[in-house]
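Novice: Dropping a structure here in structure tokens format, bear with me for questions.
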């Protein structure tokens, strides 16, 4: 830590305590440590100070103090992110949004809700489902993740194949800019005039400011939902079934795939009782108007059987549907039963490359002596390989990291992406130059400069190297906050 | 002074050319000096770099079907004709993705993907489609049509884009997979930007499987009644692909048309249910005005106030419940200001209006339509196409939230204001 940065932070802390009161500003180190990581626990940084924001004005106050002294700030929702996007800054301010959690306006007639950023994803669905509506983005963490976090990460989920991502469901935000100004963008009406700022903001991982209110679409609950589990001998067979379903013109609400190792883990953890001897299972869900679902469901069953499925189970009711989903949704945590440590990847490939890429991943794992479990959104080619290792074995972490990196290379070789829904964050910033050219990244950072000329909004995330935005006339700059992004405390 | 010789030299490798501009090359009345027609992204970068170095102002042009949308540019030196970039780069049928150069007509792209029983769900107005409106033009004008209700607008379908900035920098964002959150989604920022951030040279889109069967359900009634019934269908579990409303100028009644897509008998069942909700009738084909801008139709049954090519064309947005207010505001504006206001579009709250009348009366009518929403967050009216006199009489864009941020983005990507200056909100 440089002396300048520490001094600037001290000044900011003083101002925050004055303006917000000591109960909203956490300075005690033990309490600050509570926030040292998000869902990616491999990265830990104790924040310089924590602000428990009670409303938009608190956020603006905190950010203005940061802007005055060029101190970095990081916003944090529920802290469930898997890429270290909410990793704090050791000489910065962590603005915790989780106490702002009111559904301000559940306007089902207009199919919109105005929510605080700390509102839990499933909380909004619970609030609106009695009226026949829900919030469509459904990341696996939906019972604890915040909508503000969904906006920052452009969260998807199992059902985004049909319903799209968070970016397709946000029509307005209130933004606190990196200068601490409060700006209203969009609203309940679609297509606000001007540049599509919402398109830029959603998924920008907190690097363009802090959203203090979001106006989101509410989606009508489908008339009918039908879910099946199909067991296959091999991943290739399951992949062929997926291709056949898509080729038939069916857009299921979800198509999820798990391989034998993932099934083994899920069985050990939640006893989901998936068919014995399965080398792969598909979970397929259709939703929509009853007559359509009935017809398409029969097609899906037939296509699975034609592709070699030896057992198809159809959920007869909500309980059976929940049981089918239980295995899939618990898969990440379940691998803890079969491996002390694991790395989750989030690469994307064109769906048609699935069988080839899965074989290549298996070969990568074998040659490195590392086990890889596969759980993924088969419909849109979003892989979640779980690279298993035992951190207590010397060299195991390195081998696992190598395989995980190799998987991302495979995704890029096939024209895909390094992240489908978890975000770049702190974790994958180093991989960005493998996906984008220097000019691509420069241009993105030019947009960042428009929102955050000082580079204080969540620095060190998304981009591997900072871009200086050019001197502002009459402003004095200390050490650039990006120059030292708390690396010393990362382990 | 422009050095056209040097501009032409930048295209030697590309094979494209530079010519003097003619009267037909004027952009909404603003004359140009020259037209460059590169055939590759590298060619676009080379010619734009040189043009900007010479201090020239460049405006990109596709087929020009909406070149007079948005404000006219302050000045035009070089027209960058993108129609030489007309390759379909990749159609990943199994992945439901298409990648195309910017100058390819949407109609040509659609024909290719139709071969795999797929479609890019843009629902362009038929006259723009027939005019060979390009991928870049559709993107830059941010089009959406009837099926935006379910599939979203073009901003929801674009997966990635490559843009050439004023200084010749070529930058890509997004990708060609449906799911991708790596880096900023600049493709959305370019969507609807009227070419003010750079020249789009390539874009990737999500496709949908074409639904084999469809049915339309139509009903006519008093304005508020039609709006309420349209809302009932939107709020139903019938999963309508589109719910469109048409209110011809001078009319006390409006028509609602619902599109249901799917397979076989299922569509028939849903159409019957929708007909019951609407007290409407089922038919196989669309109404004559389907997807067309108001005042334009493919037949003469479109009421007596056809304003094709004339009038002031505006885009009006509203909340679902606000659509009713917009319809009655159109009628009130006619009575108050002696204008004609044709209104047509999606019950999702994105409609187009064509206002006919004197510039002063048109300005008053637009103001009245704006007043239908309680705040700009609940609805806006932006003027897309208008005469100089009308533009002078009103605020074309209306209130714009986040304008300072938009200006900052423009400054970052086009600091010298070398591409399409003046064409966008706040004089951007």
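Novice: Taking region A:437-452 only, how many residues are under 30 Å from residue A:356 (Cβ atoms) and either at the interface with chain B (Cβ under 7 Å from one of its Cβ atoms) or part of a loop (DSSP other than H, G, I, E, B) (or both)?
Specialist: Number of matching residues: 2.
Novice: So which of B:90, B:101 is in contact with a strand residue (DSSP E or B) (Cβ under 8 Å, 6 or more places away or on another chain), at negative phi and within 14 Å of chain A (Cβ to nearest Cβ)?
Specialist: B:90
Novice: Kindly indicate the residue of region A:149-191 that is more than 10 Å from chain B (Cβ to nearest Cβ) and on the phi > 0 side of the Ramachandran plot and also farthest from the chain's Cα centre (by Cα) among those meeting that condition.
Specialist: So, considering only residues that are more than 10 Å from chain B (Cβ to nearest Cβ) and on the phi > 0 side of the Ramachandran plot, the one farthest from the chain's Cα centre (by Cα) is A:180.
Novice: Also: Determine whether residue B:272 is farther than 23 Å from residue A:252 by Cα and out of contact with any helix residue (DSSP H, G or I) (no Cβ under 9 Å at 6 or more places or on another chain).
Specialist: yes
Novice: Taking helices (runs of 4 or more DSSP H) that do not extend beyond region A:1-77, which have at least 2 residues that are out of contact with any helix residue (DSSP H, G or I) (no Cβ under 7 Å at 6 or more places or on another chain), at pLDDT 95 or above and over 20 Å from residue A:212 (Cα atoms)?
Specialist: A:3-20, A:29-33
Novice: Could you grab me the full set of residues in region A:192-222 that are facing another protein chain (nearest Cβ under 7 Å), in contact with a strand residue (DSSP E or B) (Cβ under 7 Å, 6 or more places away or on another chain) and not in a strand (DSSP E or B)?
Specialist: A:192, A:193, A:197, A:222
Novice: Which residues, taken from region A:397-436, are at the interface with another protein chain (Cβ under 8 Å from one of its Cβ atoms), in contact with a strand residue (DSSP E or B) (Cβ under 7 Å, 6 or more places away or on another chain) and either surrounded by fewer than 19 Cβ atoms within 10 Å (Cβ to Cβ) or touching a residue at least 40 places away in the same chain (Cβ under 8 Å) (or both)?
Specialist: Matches in region A:397-436: A:416, A:417, A:420, A:421.
Novice: With away from chain A (no Cβ under 11 Å), surrounded by fewer than 24 Cβ atoms within 10 Å (Cβ to Cβ) and within 30 Å of residue A:195 (Cβ to Cβ) as the only criterion, which of B:219, B:203, B:224, B:241 stands out?
Specialist: None of the other options fit; the residue is B:241.
Novice: Which numbered condition trips up residue A:242, out of (1) assigned to a helix (DSSP H, G or I); (2) within 14 Å of another protein chain (Cβ to nearest Cβ); (3) farther than 17 Å from residue A:311 by Cα?
Specialist: Condition not satisfied by residue A:242: (3).
Novice: Can you say whether residue B:94 is under 17 Å from the mean Cα position of the chain (by Cα) and outside the structural domain of residue B:21 (by TED's automatic domain parsing), as far as the supplied structure shows?
Specialist: Taking the combined requirement at face value, the residue does not satisfy it.
Novice: Out of all the residues in region A:110-123, is one or more surrounded by 23 or more Cβ atoms within 10 Å (Cβ to Cβ), within 15 Å of the chain's Cα centre (by Cα) and within 11 Å of chain B (Cβ to nearest Cβ)?
Specialist: No, region A:110-123 has no match at all.
Novice: For a quick check of your reading: which helices (runs of 4 or more DSSP H) sit entirely within region A:269-345 and have at least 2 residues that are within 24 Å of residue A:361 (Cβ to Cβ) and modelled with pLDDT under 95?
Specialist: A:318-329, A:331-334
Novice: Output the residue which, of all residues in region B:141-155 that are closer than 22 Å to residue B:180 by Cα and touching a residue at least 12 places away in the same chain (Cβ under 8 Å), is surrounded by the most Cβ atoms within 10 Å (Cβ to Cβ).
Specialist: B:154
Novice: Just need a number here: residues in region B:411-427 that are surrounded by 18 or more Cβ atoms within 10 Å (Cβ to Cβ) and at the interface with chain A (Cβ under 8 Å from one of its Cβ atoms).
Specialist: Counting residues in region B:411-427 that are surrounded by 18 or more Cβ atoms within 10 Å (Cβ to Cβ) and at the interface with chain A (Cβ under 8 Å from one of its Cβ atoms) gives 4.
Novice: Could you please let me know if residue B:193 is within 11 Å of another protein chain (Cβ to nearest Cβ), in contact with a helix residue (DSSP H, G or I) (Cβ under 9 Å, 6 or more places away or on another chain) and farther than 26 Å from residue B:234 by Cα?
Specialist: So residue B:193 fits the description; yes.
Novice: Let me ask something additional. I'd like to verify a number: residues in region B:351-370 that are within 18 Å of residue B:337 (Cβ to Cβ) and touching a helix residue (DSSP H, G or I) at 6+ places or on another chain (Cβ under 7 Å), how many?
Specialist: Selection size over region B:351-370: 12.
Novice: Among the residues that make up region B:377-399, is at least one of them farther than 17 Å from residue B:367 by Cα and at the interface with chain A (Cβ under 8 Å from one of its Cβ atoms)?
Specialist: The answer is no; no qualifying residue exists.
Novice: Moving on to the next point. In the set B:311, B:340, B:304, which member is crowded, with 21+ Cβ neighbours inside 10 Å, away from chain A (no Cβ under 14 Å) and modelled with pLDDT under 95?
Specialist: Testing whether each residue is crowded, with 21+ Cβ neighbours inside 10 Å, away from chain A (no Cβ under 14 Å) and modelled with pLDDT under 95 leaves just B:311.
Novice: Let me ask another. Taking the residues in region A:82-109 that are over 14 Å from residue A:36 (Cβ atoms) and within 12 Å of the chain's Cα centre (by Cα) as candidates, determine which candidate is surrounded by the most Cβ atoms within 10 Å (Cβ to Cβ).
Specialist: Here the answer is A:85.
Novice: Go through (1) modelled with pLDDT under 95; (2) more than 21 Å from residue B:294 (Cβ to Cβ); (3) in a helix (DSSP H, G or I) and name the single condition residue B:211 misses.
Specialist: Evaluating residue B:211 over (1) modelled with pLDDT under 95; (2) more than 21 Å from residue B:294 (Cβ to Cβ); (3) in a helix (DSSP H, G or I) leaves (3) as the failure.
The values are calculated or read from the model by the stated rules, or taken from the named source; none is laboratory data. Predicted model only: the values in this text are computed from it and were never measured. Backbone-built Cβ (ideal geometry, glycine too); neighbour counts: all protein chains shown.
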